[in-house]
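Novice: The structure's right below; bear with me while I get my questions together.
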Amino acid sequence: MGENADIVRRVFDAFSRRDLPALLALADPDVEFQPQTARVIGREEEPYRGHEGLRAYMADVARVWVQLRSEPEEFLEVGDLVVCTGRVYAWGVGRVVDAPAGWVWRVRDGLLVEGRIYESRSAALAVAGLHDDG
């Protein structure tokens, strides 16, 4: 696994522990993040921006989800992108989620600069110009 994939693994670990200081240490000050939680709280078109945005995201997660667990199984590096596929498990605010997911992360100079979550493996792979063969 490459260096960018290792950084993304550490990002997932920080998210899963809800460790904001560790997450901020891995993120560029101008990072943009568009998770599915944004839709649940009505931020459908607007990503979380910068370190302040990540702070807001973590506060939203705490407010919306009693438990949120991302389980990436596959890490593919394509240039500065890391495409991950796996599942998301969550429960809270009258919702239960057990669904496939795809994540596309952009890493530059050792820091996360962009992240977006997709509802399918195929969608995440397509962003990186890859095809879903299975």
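Novice: If we keep just the residues of the range 115-134 that are of a type outside the set (D, E, K, R) and in a loop (DSSP other than H, G, I, E, B), which is least open to solvent (accessible area, probe 1.4 Å)?
Specialist: First, the residues of the range 115-134 that are of a type outside the set (D, E, K, R): 115, 117-118, 120, 122-131, 134.
From what is left, the residues that are in a loop (DSSP other than H, G, I, E, B) are 120, 128-131, 134.
Numbers: SER120: 42, ALA128: 18, GLY129: 56, LEU130: 58, HIS131: 150, GLY134: 99 Å².
That would be ALA128.
Novice: Another question about this same structure. Taking the conditions exactly as written (under 19 Å from VAL31 (Cβ atoms), in a strand (DSSP E or B) and not basic (Lys, Arg)), does VAL104 satisfy them or not?
Specialist: It is true that VAL104 is under 19 Å from VAL31 (Cβ atoms), in a strand (DSSP E or B) and not basic (Lys, Arg).
Novice: Criterion first (within 22 Å of VAL107 (Cβ to Cβ), modelled with pLDDT of 95 or more and within 15 Å of the chain's Cα centre (by Cα)) does PRO47 satisfy it? Quick ask: steps written out before the conclusion?
Specialist: On the way: within 22 Å of VAL107 (Cβ to Cβ): yes; modelled with pLDDT of 95 or more: no; within 15 Å of the chain's Cα centre (by Cα): yes.
No, not satisfied.
Novice: Shifting gears a bit: What are the residues in the range 62-98 that are in contact with a strand residue (DSSP E or B) (Cβ under 7 Å, 6 or more places away or on another chain), of a type in the set (A, V, I, L, M, F, W, C), surrounded by 12 or more Cβ atoms within 10 Å (Cβ to Cβ) and farther than 14 Å from GLY115 by Cβ, if any?
Specialist: Of everything in the range 62-98, those that are in contact with a strand residue (DSSP E or B) (Cβ under 7 Å, 6 or more places away or on another chain), of a type in the set (A, V, I, L, M, F, W, C), surrounded by 12 or more Cβ atoms within 10 Å (Cβ to Cβ) and farther than 14 Å from GLY115 by Cβ turn out to be VAL64, TRP65, LEU68, LEU76, ALA90, TRP91, VAL97.
Residue-wise test of (1) modelled with pLDDT of 90 or more; (2) in contact with a helix residue (DSSP H, G or I) (Cβ under 8 Å, 6 or more places away or on another chain); (3) of a type in the set (S, T, N, Q).
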{"position": "VAL61", "(1), (2), (3)": "no, yes, no"}
{"position": "GLU73", "(1), (2), (3)": "yes, no, no"}
{"position": "CYS84", "(1), (2), (3)": "yes, yes, no"}
{"position": "TYR89", "(1), (2), (3)": "yes, no, no"}
{"position": "ARG106", "(1), (2), (3)": "yes, no, no"}
{"position": "VAL113", "(1), (2), (3)": "yes, no, no"}
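The values are calculated or read from the model by the stated rules, or taken from the named source; none is laboratory data. From a predicted model like this one, the values you see are computed outputs, not experimental measurements. Here Cβ is always computed from backbone atoms with ideal geometry, including for glycine, and neighbour counts include all displayed protein chains. All accessible areas refer to the heavy atoms of the entire protein, side chains included, with ligands and DNA or RNA removed. Shrake-Rupley method; radii C 1.70, N 1.55, O 1.52, S 1.80 Å.
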